[in-house]
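One structure is given here, and the rest of the page talks about it.
The values are calculated or read from the model by the stated rules, or taken from the named source; none is laboratory data. The model shown is predicted, which means the values in this text are computed figures rather than measured ones. Here Cβ is always computed from backbone atoms with ideal geometry, including for glycine, and neighbour counts include all displayed protein chains.
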Amino acid sequence: MKRFLKRIGIIQSFRIELAIESSNLIEYFDSKMDNGSPNLLFSFIERFRFNDKKYKGKINNNTIRLRKKTRFFYFRNGYPIATMTLTNKKKKTIINLTLSGYQYKLTTIIFLIFIPLALSLILIFSFRLPETFVGSTFLIFAFLSSCMITFEIKNSIKEFKSHLDIDFNKCIELYSQ
């Protein structure tokens, strides 16, 4: 399943080298992050907390797991989770970054397969189309729905990656002096 999700771009992996210590990077992200689970279970509560921190996540040893906090009027479908594993080598930090569009296999299956199929069935049975037309309409609608959801997830991953790149550059500017 993980290999399939990597092929369609819902899970993306990167290797980044930064010219700073990993402790500085951890300190920087700790100042930009509310501590807590990066899962979306109680994310609706975040919208009512007003602070300047833009990430929510956890730091364990040399691993940072985070996601962007939810905001009012932000309607992106899915909030990617970044998992960064940090390694020090000669005053450089090597980051193995994995961006995941969904953190659970079950959620991915629901969004990519079950919802499009259920919507197609609802459309088919509500219009009571002839049987020959039903199969093709069903498959086309399910395929297009899955493509649209996948496209939205990939865009949210791309946007999150650009936000992380900006923060990496700010961190380098701050600690390289």
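Here are some notes:
- Among the conditions (1) at pLDDT below 70; (2) surrounded by 11 or more Cβ atoms within 10 Å (Cβ to Cβ), residue 151 misses just one, which is (1).
- Close contacts from segment 147-165, counting a first residue that is farther than 19 Å from residue 54 by Cα and a second that is surrounded by 14 or more Cβ atoms within 10 Å (Cβ to Cβ), with Cβ to Cβ under 6 Å and a gap of 6+ residues or different chains, come to 149/111; 150/8; 153/10; 153/78; 153/101; 154/9.
- Here 129, 112 are screened, and the one residue that is surrounded by 13 or more Cβ atoms within 10 Å (Cβ to Cβ), modelled with pLDDT under 65, assigned to a loop (DSSP other than H, G, I, E, B) and not hydroxyl-bearing (Ser, Thr, Tyr) is 129.
- Residues of segment 17-44 satisfying the condition of being closer than 18 Å to residue 80 by Cα and either β-branched (Val, Ile, Thr) or at pLDDT 85 or above (or both): 29, 32, 33
- Members of segment 45-85 that are hydrophobic (A, V, I, L, M, F, W, C) and at pLDDT below 85: 45, 48, 50, 72, 73, 75
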